[in-house]
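The structure under discussion appears below in the form of structure tokens.
Derivation of every value follows stated rules applied to the coordinates shown; laboratory data play no part. Computed from a prediction, not measured in an experiment: that's the story for all the values here. Please note: Cβ atoms are built from the backbone with ideal geometry, for glycine as well, and neighbour counts cover all protein chains shown.
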Amino acid sequence: MSSYLEFFDREELKQIWQFTKDLRANRARIELGDRFTGNRPQIYNEFYGRLGEAAVAKYLGVEYRFDLNDNRTTRDVAGYEVRTTTRERLGLATYDHDHAAIYISTYVDELNPYEVLIRGWAYLEETRTPERWNDRLPYPAYVTPVRELRHLKTLPEATP
């Protein structure tokens, strides 16, 4: 496993925060409601997720789409799914309802959101093994340890 650190400046963070707020307002208008919240307001979970997506877009050299339609049928970034955590030791979390794709794992330190660590990737099928099931999380998931993620240099082309 090898990781890559992506940096953001204050303006980029402000833009992603505003997008998160606008997306949340749009979601409320169309009555999608909140998803799991964990230990903090849901908007922070969404913000960190958007940061992870923006970091992967930067790493890949593609434009990050600020899409207020929040279309759940399209991939997060350039055909890839992105999962972000603020728990340094938590690996890549995938869920029963996830669809087949390549999943990229990112980590955001809540005390320093200017840096996002892109930790590696895995195919969804590889992540769903009984020994990886963790029901002690606020939302139970299959958790692939960071050490078992593939190197970013081996990231294959995604299929949209």
Check your understanding: What are the residues whose amide H is under 5 Å from the amide H of PHE66, where those residues sit 5 or more places off or on another chain and H is modelled from the backbone?
Key -> none
Exercise for review: For a footprinting-style exposure proxy, rank VAL146, VAL116, VAL62 by other Cβ within 10 Å, fewest first.
Suggested key: VAL62, VAL146, VAL116
**Study point:** GLU131 versus LEU111: modelled label distance in nm, points set 7 Å from Cα along the beta carbon direction
**Key:** 3.4 nm
Review point. Expressed as a rounded percentage, what relative contact order does the stretch 4-154 have, with Cα pairs under 8 Å and six or more residues apart?
Key: 24 percent
Review point. Efficiency by 1/(1 + (r/R0)^6): what FRET value for VAL62 and ALA25, r their Cβ-Cβ distance, R0 = 30 Å, to the nearest 0.05?
Key: 0.70
Check your understanding: If you rank TYR95, TYR64 by fewest surrounding Cβ atoms within 10 Å, what's the result?
Key -> TYR95, TYR64
Check your understanding: Label HIS97 and GLU12 with points 7 Å out from Cα along Cα→Cβ: what is the distance between them in nm?
Key -> 3.1 nm
Check your understanding: Among SER3, SER105, which comes first, second and so on when ranked by fewest other beta-carbon atoms within 10 Å?
Key -> SER3, SER105
Practice item. Starting from the amide H of TYR114, placed 1.01 Å from N in the peptide plane, find each other amide H under 5 Å away whose residue is 5 or more places distant or on another chain. Key: none
**Study point:** the stretch 100-160: C-alpha gyration tensor shape, a/c 1.5 cut-off, then a/b vs b/c
**Key:** oblate
